[in-house]
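As structure tokens, the structure follows; a few thoughts come after it.
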Amino acid sequence: MFKGFKEFIAQGNVIDLAVAVVIGGAFTAIVNAVVASIINPLVALFFQADEAGKFGPTITNIYGDPVTFPLGDLISAIISFLAVALVVYFVFVLPMNKWKEHRAAKIAAGVEDEEVVPSEQELLIQIRDLLEKNQARS
């Protein structure tokens, strides 16, 4: 049982997932800051946020008391979601896609700006060949 758990933890996927969660938490703070400092003030120019929860149809229940369905909260949540989605797309996804396209075009044109690092297998083959040459000289 512990052997299987040890193999599971040793896989790169678990480490990648842990890093993604940590980076996602930090990324959330950035997105929330952009929404709070830019998007929310723009929305406040047209919509009073204090009155959002009071907006919605009111129906009398079976006891004669009024019940309000706070559609303003739902509308506010939808606006917030769309604002976050727009910020993520235009500030992060779109520039990253453009950068990837630019990099792919450079690679397709044969202009490689990074040195290609050999794989572990290629390095081991080179070491083996050098050892064979040294043994042949001896």
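Given a Förster radius of 35 Å and the C-beta distance between ILE59 and ALA36 as r, what FRET efficiency does 1/(1 + (r/R0)^6) yield to the nearest 0.05? Write out the running numbers ahead of the final one.
Values: r = 34 Å, r/R0 = 0.98.
The value I calculate is 0.55.
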What is the local net charge at GLU122, summed over the other residues whose Cβ is closer than 12 Å to its Cβ (Lys, Arg +1; Asp, Glu -1)? -1
If you take the beta carbon distance between ILE75 and ALA26 as r and set R0 to 30 Å, what does 1/(1 + (r/R0)^6) give as a FRET efficiency, to the nearest 0.05? 0.55
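Just so you know, all these numbers are worked out from the coordinates, no wet-lab data involved. Keep in mind that what you see is a predicted model, and the values were worked out from it rather than measured. Glycine also receives a Cβ, built like all others from the backbone with ideal geometry; neighbour counts cover every protein chain displayed.
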